[in-house]
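Below: one structure, written as structure tokens.
Where a number appears in this text, it was derived from the coordinates with a stated rule and is not lab data. Worth saying up front: this structure is predicted, and the values here are computed from it rather than measured. Virtual Cβ from ideal backbone geometry, glycine too; neighbours counted across all protein chains shown.
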Number of protein chains: 2
Amino acid sequence: MTEDSIIGKLRRRSPLIGDDCAVIPSPTGQDLLLKADLSIEGVHFTRESSAEAIGARAVARSLSDIAAMGGTPLYCLVSLALAPWTDQQWMNGFYRGVYEMLRKAKASLAGGDLSHASQLICDVMLCGSIPKGKALLRSGARLGDALYVSGPLGGWRNKRTIVPRLKFGRKLVGKATACMDISDGLALDLHRLCKASGVAAQLDHVPLLKGATLDQALHDGEDYELLFTVPPRVKAPGIRIGSIAKGKPGSVRYGGQVLEPIGYDHTQQHS
Amino acid sequence: MTEDSIIGKLRRRSPLIGDDCAVIPSPTGQDLLLKADLSIEGVHFTRESSAEAIGARAVARSLSDIAAMGGTPLYCLVSLALAPWTDQQWMNGFYRGVYEMLRKAKASLAGGDLSHASQLICDVMLCGSIPKGKALLRSGARLGDALYVSGPLGGWRNKRTIVPRLKFGRKLVGKATACMDISDGLALDLHRLCKASGVAAQLDHVPLLKGATLDQALHDGEDYELLFTVPPRVKAPGIRIGSIAKGKPGSVRYGGQVLEPIGYDHTQQHS
């Protein structure tokens, strides 16, 4: 039972599920974007990180999903289950990180919940907006499109903070045919984009962050760069890494080989 | 550091925090309601409960907050951290409970997140709507108002399921001066309503569920009935339990005594 198989099953019943955010049609000129992201001690961070970094990162994860739709974040709910090792000072630091990340994104804290658990767990919900019908979905990539990323990859061990690509994402509205953020490694996330679009991809080049290995860029999580496609001959910002090609929907080729969709699966216990 | 003191501190910086839901003004005729509620193994339920009941209850908690504002639930995000003791069959049961509760409330599952943790944790976010400016707040109770509950109390050990009072809440729109749901016991929640309104209350009568004790009704959590006030001489559904009186803001008198605001505090480890 993988993360993708569970989501696939839910999606058959709930068609709003499956993209980086749910896109809710609104009677106004703006559609609503909704997204929730868990941050869990021992999975997404360790308690050795500063409280401020944990708070900022938890919010950045959801902001990155709003960025991937080309949207603008508006309101945020933070649900926090406190672990026994936290204290008032830790809480102050955590919310400092939350508020600072929201301030940079021009979004507001609107609520949440508080409780306690044996390990620290945080769930961040974001509500954003996007001009009606303009959300960047995973499903719009077409044969011949060029494939891009917003920056070099391999972030999990080599990047200290997540910078949600909000401005970058908004620039892609009306230009990109498909977009998502890379949270579980390029190999798995590119497979997901191709599967949603019913296409295959040819990967030519994997740009690496300083200090990152190819394996980290392909299979590690927590990059939070945007992965997107644009029609041929359309100019785009970012780094070109390949193109949309003929092949089995979801399949990715790299260096003459099939790239397996192996990446970070949050439903599995990792060592 | 109690739940109320943390929320009070956040509220000074984020005025949308502090009521049962955040009320987001919208350019349409409807305001947006946002709410998140955690459900944690060992705090809100035990693993001995059926998966279906855990899922249904997790959603009902947030629906109850929408009910307390007089609103209509629309979209739901469910974030789930799976414990090692869960399996596919458990997941199927959990989502059956989620979908059944949402179906009754005419709301849709729109997304969420999946991960794993050492204990089962679920965070349910709900997005609802309410006619512009009509949300039932905690802060509108006035001297002389009558105090009501939507049903008998003492639910935590004596009620098997939460039935969110959505229809009841909508009937109170334009009629109740203040409203909230009772999730942490009547004593603490009535204190909160009075404090938010800057008034005191005189409690005359505490209606008990079959099998419930007065102590459970006053100080236990998980009732999910609505607590509300109406102007004198306005007819209201529900059970009259007292009235808004002169006194120190937040203070409650019952049987000639001051009733201490003691109830369920989710930030504290309970035995």
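If Lys and Arg each add +1 and Asp and Glu each add -1, what is the summed charge of the other residues whose beta carbon sits under 9 Å from the beta carbon of A:S39?
-1
With the label 7 angstrom out along Cα to Cβ, how close does A:G29 come to the same site in each of the other copies, in nm, nearest first?
2.1
For label points placed 7 Å from Cα toward Cβ, what is the shortest-first list of nm distances from B:E260 to its copies?
Label-point distances to the other copies, shortest first: 6.1 nm.
Karplus couplings for segment B:174-182 from phi (6.51 cos²θ - 1.76 cosθ + 1.60, θ = phi - 60°), rounded to Hz, Gly and Pro as x?
My calculation for segment B:174-182 gives x, 10, 6, 8, 8, 7, 7, 9, 8 Hz in order.
Could you tell me which of rounded, prolate or oblate describes segment B:20-131, using a ≥ b ≥ c as the square roots of the eigenvalues of the alpha-carbon gyration tensor, with rounded for a/c under 1.5 and, failing that, prolate when a/b is larger than b/c and oblate otherwise?
Since a/c reaches 1.5 and a/b is larger than b/c, the shape of segment B:20-131 is classed as prolate.
Specify which residue in the list B:L143, B:V98, B:N158 is farthest towards the positive end of the charge dipole of segment B:50-187, using unit charges on the beta carbon of Lys, Arg (+1) and Asp, Glu (-1), about the Cα centre.
Projecting each Cα onto the dipole axis, the largest value belongs to B:L143.
Near the amide H of A:F45, under 5 Å away, which other amide H atoms are found, from residues 5 or more places off or on another chain, if H is placed in the peptide plane?
A:I40
On a full-extension model of 0.36 nm per residue, what is the gain between A:K175 and A:Q89, subtracting their alpha-carbon distance, rounded to one decimal in nm?
26.4 nm
Return the long-range amide H neighbours of A:S129 (sequence gap of 5 or more, or a different chain), with a cut-off of under 5 Å between placed amide H atoms.
A:L33, A:T72, A:L74
Explain nothing, just compute: Karplus ³J(HN,Hα) = 6.51 cos²θ - 1.76 cosθ + 1.60, θ = phi - 60°, for every residue of segment A:242-254 in order, whole Hz, x for Gly and Pro.
x, 8, 7, 10, 6, x, 4, x, x, 7, 10, 10, 8
What does the charge dipole of segment A:20-131 about its Cα centre add up to, to the nearest 20 debye, if the Cβ of each Lys and Arg holds +1 and the Cβ of each Asp and Glu holds -1?
Result for segment A:20-131 is approximately 280 debye, rounded to the nearest 20.
Which whole-number percent gives the relative contact order of segment A:146-258, counting Cα pairs below 8 Å spaced six or more residues apart?
This gives 47 percent for segment A:146-258.
Could you identify which residue out of A:L259, A:L136, A:L214 has the top mean-square fluctuation in a GNM of chain A using Cα springs shorter than 10 Å?
Answer for the Gaussian network model of chain A: A:L214.
Step through the table entries B:K104/B:K132; A:K175/A:K210; A:K134/A:K235, compare each Cα-Cα distance with 23 Å, and write down the pairs that go over it.
Those over the limit are B:K104/B:K132; A:K175/A:K210.
Classify segment A:146-258 from the C-alpha gyration tensor, please: rounded if a/c falls under 1.5, else prolate or oblate depending on whether a/b exceeds b/c.
oblate
What's the ranking of B:85-94, A:190-199 by average number of surrounding C-beta atoms within 10 Å, highest first?
Output ranking for B:85-94, A:190-199: A:190-199, B:85-94.
Which residue fluctuates the most in chain B, going by a Gaussian network model with Cα springs under 10 Å, if the choices are B:P25, B:P232, B:P15?
Largest GNM mean-square fluctuation: B:P15.
Going by how many other Cβ atoms sit within 10 Å of their own, how do A:H205, A:H116 line up, fewest first?
Final ranking by Cβ density, sparse to dense: A:H205, A:H116.
Please report the relative contact order for chain B, taking Cα pairs under 8 Å with a sequence separation of at least 6, and give it as a percent rounded to a whole number.
Value for chain B: 22 percent.
Shielding of B:35-44 by partners, i.e. mean partner chain Cβ atoms within 10 Å per residue?
Per residue, the number of nearby Cβ atoms from other chains is 5 on average.
Under a Cβ-only charge scheme (Lys and Arg +1, Asp and Glu -1), can you give me the dipole magnitude of segment A:146-258 about the Cα centre, in debye to the nearest 20?
Dipole of segment A:146-258, to the nearest 20 debye: 500 debye.
Order by neighbour count: B:V163, B:V23, fewest other Cβ atoms within 10 Å first, most last.
Neighbour counts put them in this order, fewest first: B:V163, B:V23.
Can you list residues whose amide H is under 5 Å from A:S108's amide H, if they're 5+ apart or on another chain and H is modeled 1.01 Å from N?
The answer is A:Y75, A:C76.
On a C-alpha basis, how far is the centre of segment B:43-83 from the centre of segment B:178-249 in Å? Whole number, if you could?
Cα centres, segment B:43-83 to segment B:178-249: 23 Å.
Please report the antiparallel percentage of DSSP beta bridges with both residues in segment B:146-258, rounded to the nearest 5.
If we restrict to bridges inside segment B:146-258, about 80 percent are antiparallel.
Pull up the DSSP beta bridges for chain B and report the antiparallel fraction as a percent, rounded to 5.
75
Gaussian network model of chain A, Cα springs within a sub-10 Å range: biggest mean-square fluctuation belongs to which of A:L109, A:L153, A:L63?
Comparing A:L109, A:L153, A:L63 in the GNM, the peak value goes to A:L109.
Could you give the size of the charge dipole of the protein assembly as shown about its Cα centre, using +1 on the Cβ of each K and R and -1 on the Cβ of each D and E, expressed in debye and rounded to the nearest 20?
That gives the protein assembly as shown a dipole magnitude of about 2220 debye.
Calculate one ³J(HN,Hα) per residue across segment A:90-97 by plugging θ = phi - 60° into the Karplus curve 6.51 cos²θ - 1.76 cosθ + 1.60, and present them in order as whole Hz with x for glycine and proline.
Ordered by residue, 3J(HN,Hα) equals 4, 4, 4, x, 4, 6, 4, x Hz.
With an 8 Å cut-off on Cα pairs and a minimum separation of 6 or more residues, tell me the relative contact order of segment A:1-135 in percent.
That works out to 35 percent.
Between A:R103 and A:S139, how high is the FRET efficiency from 1/(1 + (r/R0)^6) when r is the Cβ-Cβ distance and R₀ = 22 Å? Nearest 0.05.
0.10
Kirkwood Rh, Cα Rg: Rg to Rh for chain A?
0.96
Provide the FRET efficiency to the nearest 0.05 for the A:T2-A:V258 pair, computing r from the beta carbons and using R0 = 25 Å.
FRET efficiency, A:T2 to A:V258: 0.85.
Need one value for B:26-32: mean number of C-beta atoms belonging to other chains within 10 Å of its residues' C-beta atoms.
3
From other protein chains only, count the Cβ atoms within 10 Å of every residue's Cβ in B:118-129, then give the mean.
Counting Cβ atoms of other protein chains within 10 Å of each residue's Cβ and averaging gives 6.
Which of the three applies to the protein assembly as shown, rounded, prolate or oblate, going by the alpha-carbon gyration tensor with a ≥ b ≥ c and a/c under 1.5 meaning rounded?
The shape class here is prolate.
Among B:V59, B:A36, B:G8, whose Cα lies farthest out toward the positive end of the dipole of segment B:1-94, if unit charges sit on the beta carbon of Lys, Arg (+1) and Asp, Glu (-1)?
Looking along the dipole axis, the top candidate is B:G8.
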